[in-house]
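See below for the structure under consideration.
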Amino acid sequence: INEKRNKLNNIIKECDIEKLICFYQDNDALMDNINDSNYDVLSNAISFGLPLDFIESIINLFSYSNFDYEVPKNIFAETITPAVYSLLLSRSDVCSLLISNGADIN
């Protein structure tokens, strides 16, 4: 699974939505297990500083519906949610997107 995560990270860094969709379709069975306490697609996309529309595509493609979870410790050592993490990275646009999708920053 780590090999798939590395490949996914490379696709995300390239900001190529077509490759991302193809990866998702080719690895559909794996997608339910891609995120865990050490890896999160959305948190990685936020950390890479990707455009808002790409982050929105990730939210939709990976069917994110809960945004009140902890960002993996290997991305940020403190206990924070993706919304707070986005604010720490000066990405108020991402935070607003997450809030509009149900994230709680309290």
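Bear in mind that the values in this text are calculations on the coordinates, not laboratory data. Remember, predicted model here, so these are calculated numbers, not experimental data. Don't worry about glycine lacking a Cβ; one is built from the backbone with ideal geometry, like all the others, and counts go over all protein chains shown.
Label SER37 and LEU87 with points 7 Å out from Cα along Cα→Cβ: what is the distance between them in nm? If labels sit at SER37 and LEU87, their model points lie 2.6 nm apart.
Among the chymotrypsin sites (Phe, Trp or Tyr not before Pro) found in the stretch 4-53, those both in a DSSP coil and sparsely packed, with 16 or fewer other Cβ atoms within 10 Å of their Cβ, are PHE48.
The calculated 222 nm mean residue ellipticity attributable to helices in the chain amounts to -15000 deg cm²/dmol, summing -39500 (n - 2.57) over DSSP H runs of n ≥ 4 and dividing by all residues. Our estimate of slack between SER63 and ALA29, defined as 0.36 nm per intervening residue step minus the Cα-Cα distance, is 10.8 nm.
Fully extending the segment from ASN2 to ASN101 would add 32.8 nm, taking 0.36 nm per residue of separation and subtracting the current Cα-Cα distance.
Students often get this wrong: which residues of the stretch 4-40 have the backbone nitrogen under 15 Å from the point 7 angstrom along Cα-to-C-beta of GLU70? Under 15 Å, as judged by backbone N against the label point of GLU70, lie 36-40 of the stretch 4-40. When the alpha-carbon atoms of the stretch 2-100 are used, the pair Rg, Dmax equals 12.5, 34 angstrom. Between 0 and 90 degrees, the angle of helix 2-14 with respect to the longest Cα principal axis of the chain falls at about 70 degrees.
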